[in-house]
1. Could you tell me the center-to-center distance, by alpha carbons, between the stretch 365-387 and the stretch 141-185 in angstrom?
2. Write down the accessible area per residue of the stretch 347-426 in Å², having rolled a 1.4 Å probe over the full set of protein chains.
3. Any idea how far apart ALA415 and GLN400 come out in nm if each label point goes 7 Å out from Cα toward Cβ?
4. Could you grab the relative contact order for the stretch 205-297? Cα pairs under 8 Å, six or more apart, rounded to a whole percent.
5. Please list ARG447, ARG272, ARG70 in order of solvent-accessible area, largest first, computed with a 1.4 Å probe with all protein chains present.
6. Projecting each Cα onto the charge dipole of the chain (Lys/Arg +1, Asp/Glu -1 at the beta carbon, about the Cα centre), which of GLY81, LEU170, TRP68 comes out farthest on the positive side?
7. If you place +1 on the Cβ of every Lys and Arg and -1 on the Cβ of every Asp and Glu, how big does the dipole about the Cα centre of the stretch 106-230 come out, in debye to the nearest 20?
8. Sorted by average packing, counted as other Cβ atoms within 10 angstrom per residue and highest first, what order do 174-182, 233-241 take?
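The values are calculated or read from the model by the stated rules, or taken from the named source; none is laboratory data. Keep in mind the model is a prediction, meaning the values are calculated, not measured. All Cβ positions, glycine included, derive from the backbone under ideal geometry; neighbour counts span all protein chains shown. Note: areas computed on protein heavy atoms with side chains; ligands, DNA, RNA excluded. Shrake-Rupley method; radii C 1.70, N 1.55, O 1.52, S 1.80 Å.
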Amino acid sequence: MDDTPDNHIEVPHDHAVVLGAGLAGLLAARVLAERFARVTVVERDELPADGPAFRPGVPQSRHAHVLWSRGVEVIEELLPGITDKLLAGGAALLESPKDFLWLSPADWFGPLPGARILLGSRELLDWTIRGEVLRDRRIRIRDGCLATGLVGGPDGRSITGVRLRGGDPLPARFVVDATGRTSKAPAWLTALGHQAPETTRYDSHLGYSSRYFTIPPDPARRWHGMYVQGRPDSPRGGVLVPLDGDRWLATLVGNGEHAPPTGDEEFLGFARSLRSPALYDALRGATPLSSTAGFRRTANEWRHYERLARRPAGFIALGDAACRFNPVYGHGMTVAALAADALRKEIRTMDTAAVPAAAGRIQRRTTAASEVAWQIATSEDLRYPETEGPPADRTTRVLQRYMSRVMVGANTDPAVAGRFFGVLSLSTSPNTLLGPSTMFRVLSKWRTPTAPRTTAYPAHHGPPGTL
Ligand SMILES: Cc1cc2nc3c(=O)[nH]c(=O)nc-3n(C[C@H](O)[C@H](O)[C@H](O)COP(=O)(O)OP(=O)(O)OC[C@H]3O[C@@H](n4cnc5c(N)ncnc54)[C@H](O)[C@@H]3O)c2cc1C
């Protein structure tokens, strides 16, 4: 593609453009507005004006979304008061696994403290965050506007704007690609003669199917959600979470040939085939509010923008556009928040004019936010034989065996559970699981099998009607 006609466009020094008004894009816009006088967010969807609503650009919103405590904290730092607004909108802040029935690959978790999670519809999250971000007058959204490419500067080394379908190019000193998992930025860069990033990919062929329900109240029910995890010898799982609007969302998952059905008739039958009947029992008396929605493109994919030897100034990629994860570990939104926080820390003391040239450093710092989530998702996925990707090395195999033992410990030992959930919520370093006291507690349970026969219900909560 020839970019010469755009080379003479005047580029205002104080304007940044963010592509995509998903979670990563909105939080990046919030942070960039601390340095740039104007930030334009370009979004291909027409955004709902009257309240939380589904939109095609975020199809994953029809599936359960868990926001881990670290994500809640970072978003609260960026947008003070947002947690209360989300709770007022009907989201719930729960303690996991205490408030959950949670069957791990080993056994049921006891009612232990672990980490907080925020549960609510993805539509509510996006609506509430967007409303808060747009309170800043420096930020404006151009919705219903598809980005179709990047504009290269006359020096051949910088990005100076974006191309829009059916409109003039939009000049900018700094462009952030946050268009999510369907990002076309690698092709846009090569069209301008720049390198495309290498990609590392692991695909465990996990399928998702989800359906909304109402569940009649039950005074004997002491849980507020449920997670029945699969494991390699029984790779079917499901999660049931409360949502705003007095709804519940049931999401079923399975790898390869165990992918859940996308038809309504088979939904409950699949729920019945999980390792425990608990989720099926919870749905038996429930009323479906929707048909079943499927999602299949769940591979972990890291586009290594941080490794580009020759990279254009004035351009970075964030969120799923840079690195996406198998969603079953619930990390994408927290990583998007951590990346926005890293962007903020990197540009905080910079002169606006210096930001474009620092793109390489900024990209490395924002990308670092993905590392732990990537390690968790890929090493867990590699336990499944159908996973495609670079094979596990020796260190990964040793860590997998150790983590199976950590899981056994975390099921019953509050100290191990605390550290395990600290890591899973991306609040603390994985090294905390390798400290001597944790190792001692974990290895002291070496006789307990890591994949015992599953009991139908945990000791602290029997089947319906037995309490
Ligand atoms: C099935 C599923 C379940 C998930 N569950 C969880 C979970 O439990 N917890 C969690 O933390 N994460 C979860 N995730 C991950 C989470 O959804 C993503 O990590 C998160 O949405 C990333 O945000 P983003 O802004 O990068 O991308 P998105 O939210 O996908 O937003 C991208 C935006 O870019 C827009 N766009 C795309 N192309 C263009 C273009 N050319 N021009 C203009 N706009 C464009 C889209 O319309 C969209 O608005 C899940 C993902 C899936 C698929």
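1. Between the Cα centres of the stretch 365-387 and the stretch 141-185 lies a distance of 29 Å.
2. 45 Å²
3. Result: 2.9 nm between the two label points.
4. Here the relative contact order equals 42 percent.
5. Ranked list, largest accessible area first: ARG447, ARG272, ARG70.
6. Most positive-ward Cα: TRP68.
7. For the stretch 106-230, the charge dipole is close to 340 debye.
8. Descending mean neighbour count gives 174-182, 233-241.
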